Amino acid sequence: MSPDEIKVALQTAFYRCDMASCPLSDTQKEILLHVLEQVKGNSYPPVSDLANPLDELTPEELQAFLEFVKAQEEQNHSWKVQLLNDWLNENNSGAVQFIRDRYGLSWVNRIEPHHFDRYSAKDILKLKVGDHIEVCNALWEWVQDDGPCPREWYSCTVIKVDEISNGNYASTNCIIRFNNGSEFEIQGIYEWNRFHWRRPQG
C-alpha cells in the first residue's frame, strides 16, 4: 500500500470507530496521522536510535549489570533466565538485586540483544558459538551508502570463535554460517570489523 492508500484506510478506520460507538479522540487521530507522515517521509527513527534501557542505569549499576551478564554468558547461561529464576524462587540476586528492587520485570523485558552493541566494542560482551548475529555485505564487497551497491544485513549463526595471540597483539576471528548453509570467516571481529556486524535488530 502506498502512504496515500494507508491514509485513506486510516480515515475509514476512524469513521468505522465512530459508527461502532467507539470513537478515537482527536489526539489519537493526530498521533496516528503524524506517524503516517513520518513513515511517508522515512523520518521515523531506526531501531538503534530508540531508547536503550541500559541508559537508565547509573554508572555503578551499569557496571555491575554488565559484569553479571558477562559472567552468565561465559557459563553459557542466559542472564534473563538466571534473574527470573532468582525472582521466582525469591532468591537474592547479589550485586544485581537492584534490578528487581528498582527496575522490575518490565525493564528486563525491554532489553534486546542489540542494546548491548555499544558495550561489545568495549570487550564486555563477547560472541559465543550459537549466537545469532547480522553481518553487513561490506565484509565481502565494496558498499557505498549512497552508491549503486547499498549496505545490506544478513542473518547468520556463529559456529566458531578463535582468539589469536601473537606476542603483544591479539585478535579474534569468527566463523559464521548463513541460513543457506554457506560459511564465512570474519577476521578481527572485535578489532577492525566491529562495525560490520550487529546483534539482531528485533
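Below are the figures for this structure:
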quantity: GNM flexibility winner over the chain from Leu24, Leu36, Leu139 (Cα, springs under 10 Å); calculated: Leu24
quantity: Distance between region 169-202 and region 57-102 - C-alpha centres, whole angstrom; calculated: 27
quantity: Nearest-20 debye value, the chain charge dipole, Cβ charges on Lys, Arg, Asp, Glu; calculated: 280
quantity: MRE, 222 nm, helices only [DSSP H, n ≥ 4, -39500 (n - 2.57), over the chain, to nearest 500]; calculated: -10500 deg cm²/dmol
quantity: Positive minus negative residues near Cys174 (Lys, Arg vs Asp, Glu; Cβ under 9 Å); calculated: -1
quantity: Most mobile of Asp117, Asp146, Asp101 in a GNM of the chain (Cα contacts under 10 Å); calculated: Asp146
quantity: Label-to-label distance, nm, for residues given as Lys80 and Phe195 (7 Å Cα→Cβ offset); calculated: 3.0
quantity: Calculated log₁₀ intensity ratio I(q)/I(0) where the Debye formula runs over C-alpha points of region 49-120, q = 0.13, 0.15, 0.22 Å⁻¹; calculated: -0.35, -0.47, -1.07
quantity: Square roots of 5 times each gyration tensor eigenvalue, C-alpha, the chain, largest first, Å; calculated: 38, 28, 14
quantity: Acute angle (nearest 10 degrees) that the helix 79-88 long axis makes with the longest principal axis of the chain, alpha-carbon atoms; calculated: 70
quantity: Proxy reagent accessibility, fewest Cβ within 10 Å first, across Tyr15, Tyr190, Tyr154; calculated: Tyr15, Tyr154, Tyr190
quantity: Among Gln72, Gln28, Gln187: highest mean-square fluctuation, GNM of the chain, C-alpha pairs under 10 Å; calculated: Gln28
quantity: Packing-based exposure ordering (other Cβ within 10 Å, fewest first) of Leu88, Leu105; calculated: Leu88, Leu105
quantity: Along the chain, longest interval not containing exposed trypsin sites (Lys or Arg not before Pro), exposed being DSSP loop plus at most 16 other Cβ atoms within 10 Å; calculated: 1-121
quantity: Contour excess over end-to-end distance, with Cα ends at Val129 and Ala20 and 0.36 nm allotted per residue; calculated: 33.9 nm
quantity: Spacing of the two label points (7 Å from each Cα toward its C-beta) at Gln11 and Gln28, in nm; calculated: 2.0
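Bear in mind that the values in this text are calculations on the coordinates, not laboratory data. Treat the numbers as computed from the prediction; the structure is a model and nothing was measured. When we count neighbours, we look across all protein chains shown, and the Cβ atoms used for this are built from the backbone with ideal geometry, even at glycine.
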